Amino acid sequence: MKREDFIKGQIYTHEQYMHLSILEMMESKSEHTDKADPRVGAVLVDRNGAFFDKAHRGELRMGDHGEFTVLERKHPGEDLSGFTL
């Protein structure tokens, strides 16, 4: 599957979510030229186990990790209790 194949609200297997997190990680953008930065891909799954959102390092702002991006930048103030990252 490609990143674009994942549809919000659809339930996928754990393996498919892991695959998506790896695909997302591959899109990470490093903010340094003199050292390697961690490549981070994050997948957020709702309370029912359905795909909710994804993010990668540097997606919206250089230096922001994928987890921070998906939780704080894409969904600020939303109640994500019970979601799985």
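Read-outs throughout are calculated quantities, based only on the coordinates presented, and are distinct from any laboratory measurement. What you see is a predicted model; the values in this text were computed from it and never measured. We place every Cβ from the backbone using ideal geometry, glycine too, and count neighbours over all the protein chains shown.
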Quiz item: For residue 12, which sequence-distant residues (separation of 5 or more, or a different chain) have an amide H within less than 5 Å of its own amide H, given hydrogens modelled in the peptide plane?
Solution: 51
Exercise. Could you pull out the GluC sites (Glu not before Pro) across the stretch 6-55 that fall in loop regions by DSSP (anything but H, G, I, E, B) with no more than 15 other Cβ atoms inside 10 Å?
Key: 31
Quiz item: Looking at the stretch 1-70, which trypsin sites (Lys or Arg not before Pro) are in a loop (DSSP not H, G, I, E or B) and have at most 13 other Cβ atoms within 10 Å?
Solution: 2, 8, 35, 47, 61
Quiz item: Expressed as an acute angle from 0 to 90° and rounded to the nearest 10, what is the orientation of the C-alpha long axis of helix 14-25 relative to the principal long axis of the chain?
Solution: 30 degrees
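Calculate the dipole size of the chain relative to its Cα centre from +1 charges on Lys and Arg beta carbons and -1 charges on Asp and Glu beta carbons; express the result in debye to the nearest 20.
Its charge dipole is roughly 100 debye.
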Quiz item: Once the dipole of the chain is set up with Lys and Arg at +1 and Asp and Glu at -1 on Cβ about the Cα centre, which of 60, 80, 26 lies farthest towards its positive end?
Solution: 26
Practice problem: Would you mind getting the Kirkwood hydrodynamic radius of the chain from its Cα pairs, rounded to one decimal in Å? | Solution: 13.1 Å
Quiz item: Along the stretch 40-50, what does the Karplus equation 6.51 cos²θ - 1.76 cosθ + 1.60 (θ = phi - 60°) give for ³J(HN,Hα), rounded to whole Hz, x for Gly and Pro?
Solution: 10, x, 10, 10, 10, 10, 6, 4, 8, x, 8
